[in-house]
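The structure under discussion appears below in the form of structure tokens.
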């Protein structure tokens, strides 16, 4: 009686396994992109030019104008206002122009915009650079 196997006999491959070479190639590409991305000069000019006004009259800016000073004080149309009193001061305004120094930290702006006074209102940012002409901006 002859005994047979149910499964076919597995043949041995003649060539080398290419899976290791493919994995090595992918890892080398990842390493290349990490290194080349780190060498990119982030301070290089990007071709983006921000608008800059050397002298302007703040009285000619649209209203309501909320000014955030570098030291964190708020003024709405020239009158001092607190963060708590901001929702009441902005009542009825659908658009608010926010005047802020362009070097102000982003967290200061995000904290202000996260307050309850800006719910449902369009915010237009007007950035200024300290040391400019005109009104000191």
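This table checks each residue for (1) in contact with a strand residue (DSSP E or B) (Cβ under 9 Å, 6 or more places away or on another chain); (2) surrounded by 13 or more Cβ atoms within 10 Å (Cβ to Cβ); (3) at pLDDT below 85; (4) assigned to a loop (DSSP other than H, G, I, E, B).
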site	(1), (2), (3), (4)
75	yes, yes, no, no
83	yes, yes, no, yes
87	no, yes, no, no
93	no, yes, no, yes
98	yes, yes, no, no
104	yes, yes, yes, yes
108	yes, yes, no, no
112	yes, yes, no, no
117	yes, yes, yes, no
Exercise for the section: May I ask you to list the residues in the range 63-73 that are free of Cβ contacts under 8 Å to residues at least 40 places away in the same chain, assigned to a loop (DSSP other than H, G, I, E, B) and under 22 Å from residue 106 (Cβ atoms)? Expected result: 69, 71, 72, 73
Practice task
Please indicate, with yes or no, whether at least one residue in the range 48-62 is part of a loop (DSSP other than H, G, I, E, B) and at pLDDT 75 or above.
Solution key: yes
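The values are calculated or read from the model by the stated rules, or taken from the named source; none is laboratory data. This is a predicted model, so every value here is computed, not measured. Glycine gets a Cβ as well: all are built from the backbone with ideal geometry, and neighbour counts include every protein chain shown.
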